Amino acid sequence: MGGGGFIGRHVVARARRLSWAVTSLSLRATQDPPAAGVRVVAADAANAVALREALHDAAFEYVVNCSGYINHSAFLRGGRCVLESHLNSVLNLAEILQRDALQAFVNLGSSDEYGGNGAPQSESQRESAISPYALAKTAATHFLQMLHRTERFPATTLRLFLTYGPGQDLRRLVPQLIIGCLEGRSFPVSAGEQLRDFCYVQDTVDAVFAALAAPAVQGEVINVASGRPVRIRELIEAVQRLIGQGEPQFGKVAYRPGENMELYADVSKARTLLGWTPTVSLESGLASTIEWYRERR
């Protein structure tokens, strides 16, 4: 689910390299022909009738929920729609999927669920959502844990921090920085004092497939991140240095109201339960990502 999105496309590609038969569910049909072995289905997962019709033969062994979109709108400014769309998609999937076939369900959560909690954020902390988007992610996490406890639904939630890499939406931070620098222009950014945790997309996909193959982690919530805090200003300067041009204007973008200035993960649970550790350094991941965008200019 969400197979046409940034992380979803990488999950689909990995599954095909493993010779799995893949169904990719997206909100809208794409113009690109599907890869061999991939069935592409278009439906709004928040619409139960449309989803049931699209997945009428929903006998899947493994499901990865990559759906959703980052939107920090306030409740009265579109936030209700965000909340309902994210949560209803998970509710509908859990209802429609054929339980006798399903072996593992991996749900992609968000570090935004931690809200203002202190760093490093760990799975033992109580969530503290500060937006409808974060609340929707939190509610989906708790719903799937309840379903596992009461009905043995085979769900694991991977709580992602900032995944980046080739193919990410141009509205996200890393692609915006790369494009601005590749074009050699001046562009506004925040003062960059925030500490954040960046994880290269292939490392994130490794964690997804590790969770799919580990029945013992079902019912768990697991952080997926590098575990290494990086100031936003350091990230911006690294992109600028690797490209050799670009003029970020620090302090021209205000911080979000209530923004957590230190959001980076404790990843010890992922190491212990999944045997997973990220392998791609920020420098290497940025270089690969920059090259991908450079080739497509």
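Details
- A convex hull fitted around the alpha carbon atoms of region 174-297 yields 112 Å³ per residue.
- Here the calculated FRET efficiency for S73 and S19, from their Cβ-Cβ distance with R0 = 30 Å, stands at 0.15, rounded to the nearest 0.05.
- Taken about its Cα centre, region 177-279 carries a charge dipole of about 120 debye when Lys and Arg each add +1 at the Cβ and Asp and Glu each add -1 at the Cβ.
- Among V38, V224, V11, the residue with the largest mean-square fluctuation in a Gaussian network model of the chain, with springs joining Cα atoms closer than 10 Å, is V38.
- With contacts taken as Cα pairs under 8 Å at a separation of at least 6 residues, the chain carries a relative contact order of 18 percent.
- Whole-number D in µm²/s for region 84-194 (Stokes-Einstein; Kirkwood sum over Cα pairs; 25 °C, 0.890 mPa s): 149 µm²/s
- Counting all C-alpha pairs of the chain, share separated by more than 25 Å (%): 48 percent
- Probe 1.4 Å - accessible area at V49, Å² to nearest ten: 110 Å²
- Put W276, W292 in order of accessible area, highest first, and with a 1.4 Å probe you get W292, W276.
- Choice from K252, K269, K137 showing the highest fluctuation, given a GNM over the chain with Cα pairs closer than 10 Å: K252
- Projected label points at F250 and H142, each 7 Å from Cα along the beta carbon direction, are separated by 4.0 nanometres.
- Basic side chains Lys and Arg get +1 at the Cβ, acidic Asp and Glu get -1 at the Cβ, and with that the dipole of region 1-78 about its Cα centre reaches some 260 debye.
- Relative contact order, percent, region 149-245 [alpha-carbon distance under 8 Å, six or more residues apart]: 46 percent
- Region 1-51 and region 169-218 have Cα centres lying 21 Å from one another.
- Residue-level accessible surface for F143, protein heavy atoms, 1.4 Å, Å²: 40 Å²
- Gaussian network model of the chain, springs between alpha carbon atoms under 10 Å - residue of G115, G244, G79 with greatest fluctuation: G244
The values are calculated or read from the model by the stated rules, or taken from the named source; none is laboratory data. All of these numbers come straight from a predicted model, not from anything done at the bench. Using ideal geometry, Cβ is built from the backbone for each residue, glycine included, and neighbour counts are taken over all protein chains shown. The accessibility values were calculated without ligands, DNA or RNA, using every heavy atom of the protein model including side chains. Shrake-Rupley method; radii C 1.70, N 1.55, O 1.52, S 1.80 Å.
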